[in-house]
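The values are calculated or read from the model by the stated rules, or taken from the named source; none is laboratory data. Predicted model only: the values in this text are computed from it and were never measured. Here the Cβ positions follow ideal geometry from the backbone for every residue, glycine too, while neighbour counts run over all protein chains shown.
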Amino acid sequence: MKHTIFGESHGEAIGVVLEGVPAGLALDLEAVQRELDRRRPGRSALSTARKEADQVRVLSGMFEGKTTGAPLAMVIGNADQHSSDYDSIRYTPRPGHGDYAGFLKSRGCQDYRGGGHFSGRLTAPLVAAGAVAKQLLARQGVWVGAHISSIYGICDAALEEAGQLRGVAEKDFPVLDDAAGRQMQQAILEAKQAQDSVGGAVECAVTGLSAGLGGPDFGCNVEGIFSQYLFAVPAVKSVAFGAGVAFSLMRGSQANDPFAVEDGKVITKTNHAGGINGGITNGMPVVFEATLRPTPSIALPQESVDLRTGEEVELKIKGRHDPCIVPRAVPVIEAAAALAACAVLGIGS
Ligand SMILES: Cc1cc2nc3c(=O)[nH]c(=O)nc-3n(C[C@H](O)[C@H](O)[C@H](O)COP(=O)(O)O)c2cc1C
Ligand SMILES: C=C(O[C@@H]1CC(C(=O)O)=C[C@@H](OP(=O)(O)O)[C@H]1O)C(=O)O
């Protein structure tokens with residue numbers, strides 16, 4: 001399924017056009033809305049204070065409750081913009097954000113208000129598209145779940161099997177170990193108090209993908225397909241499959257996943273490979289971790305450059321920002337993974 005996300009954070013609306021959605025899907029719009037509600041801003045002191053209802057409206061591609069196979073267009077309004085917060089930083093890019101790169105790419109014509117098209121707000125339509133993908137995947141027995149695996153060095157309990165993630169989505173703070181979750185929340189509030197921000201990671205599992213999907217080469221490699229979708233999420237700076245960076249500390253005897261037979265099916269006893277060997281699914285859950293950087297917009301003074309004069313200037317950012325992106329990014333990572341899983345399965349292509 002090809003998806004095109006459109007809009008700007010302070011424009012009239014944001015949305016997505018999904019092409020290739022198979023006809024005849026009885027799309028559950030309440031389920032789509034539930035996913036959007038998990039990501040919605042302005043719900044607690046842990047997130048940006050911007051309040052948006054994030055009510056999704058389907059403009060096309062659905063008739064009498066079912067998808068028609070025509071492009072599915074979904075739109076979400078913007079209501080609570082404080083655009084004047086951005087006037088003073090129009091020509092002084094925020095370190096870490098897309099401002100400078102966007103200024104160059106748009107030749108100075110970018111919508112600078114609220115980060116424009118680079119805003120994390122554009123992940124709302126991504127979540128809507130992912131919710132459609134999840135419904136298509138469910139018909140094939142494929143399921144996606146995630147949890148916050150760490151924030152600022154505080155780790156959640158280790159994920160031993162993907163089934164532990166069922167039920168995590170309903171939590172306000174989606175972790176396996178609520179005690180660790182309370183420590184993470186404390187770390188976020190301390191960073192906020194210090195006019196700063198923190199980053200962390202989201203671990204995600206996709207179950208039900210049969211063995212033998214994908215290929216070793218560019219374009220069909222399953223790790224590559226997932227990575228393309230995941231790196232399109234703003235603030236994602238690394239993606240690692242299975243044991244990921246911990247492989248560098250292992251011997252082969254520890255890293256290899258021993259084969260076994262369970263109910264007549266070949267399985268592996270461990271899943272250090274994250275369900276992928278040779279770029280091809282091996283039938284175990286596809287498991288990966290995405291690292292999200294600390295929020296770029298912080299209240300502490302920072303160094304920037306006035307792009308009109310070339311002078312170095314001190315930057316003070318106003319406005320309402322997430323002191324940590326990770327909690328609201330959990331449904332976003334799931335959405336990106338669901339779209340990637342559709343691509344791996346060839347749904348809508
Ligand atoms: C859900 C979500 C919320 C975000 N909230 C903010 C925010 O409040 N302030 C901010 O500066 N960046 C925020 N970001 C991150 C920026 O959008 C992102 O860092 C920027 O677009 C640059 O992209 P990059 O980090 O991938 O290079 C958010 C990202 C996501 C996914
Ligand atoms: C609005 C959302 O998050 C926004 C993401 C964001 C950024 O720079 O990425 C900056 C802030 O925008 P604003 O200054 O307009 O409040 C966040 O509030 C959202 O996620 O829906």
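Remarks
- Just one of the listed residues (Gly199, Gly153, Gly181) is buried (at least 21 other Cβ atoms within 10 Å of the Cβ), under 30 Å from Pro95 (Cβ atoms) and either within 16 Å of ligand 1 (Cβ to nearest atom) or without any contact (Cβ under 8 Å) to a residue 60 or more places away in the chain (or both), namely Gly181.
- Cβ pairs under 9 Å, 6+ apart, first in segment 65-84 and farther than 24 Å from Leu18 by Cα, second of a type in the set (Lys, Arg) and modelled with pLDDT under 95: His82/Lys318; Ser84/Lys318
- Exclusive hit being closer than 19 Å to Met1 by Cα and of a type outside the set (Lys, Arg), set Ile333, Ile325, Ile317: Ile333
- Residue satisfying condition, being basic (Lys, Arg), farther than 27 Å from Leu18 by Cα and within 11 Å of ligand 2 (Cβ to nearest atom), within set Arg107, Arg113, Arg90, Arg94: Arg94
- Residue in segment 287-305 that is under 25 Å from Pro95 (Cβ atoms), at pLDDT 95 or above, in contact with a Cys (Cβ under 7 Å, 6 or more places away or on another chain) and not in a strand (DSSP E or B) present: yes
- Which numbered condition Gln228 fails, given (1) within 16 Å of ligand 2 (Cβ to nearest atom); (2) assigned to a helix (DSSP H, G or I): (1)
- Looking only at residues in segment 231-260 that are part of a helix (DSSP H, G or I) and among the aliphatic types (A, V, I, L, M), the one that is nearest to the chain's Cα centre (by Cα) is Val245.
- Residue in segment 111-126 that is more than 25 Å from Tyr91 (Cα to Cα), of a type in the set (Phe, Trp, Tyr) and within 16 Å of ligand 1 (Cβ to nearest atom) present: no
- Search result, residues across segment 313-349 that are more than 12 Å from ligand 2 (Cβ to nearest atom), among the β-branched types (Val, Ile, Thr) and not in a loop (DSSP other than H, G, I, E, B): Val313, Val326, Val330, Ile333, Val344
- Here is the figure for segment 256-276: residues that are under 28 Å from Ala343 (Cβ atoms) and surrounded by fewer than 16 Cβ atoms within 10 Å (Cβ to Cβ) total 4.
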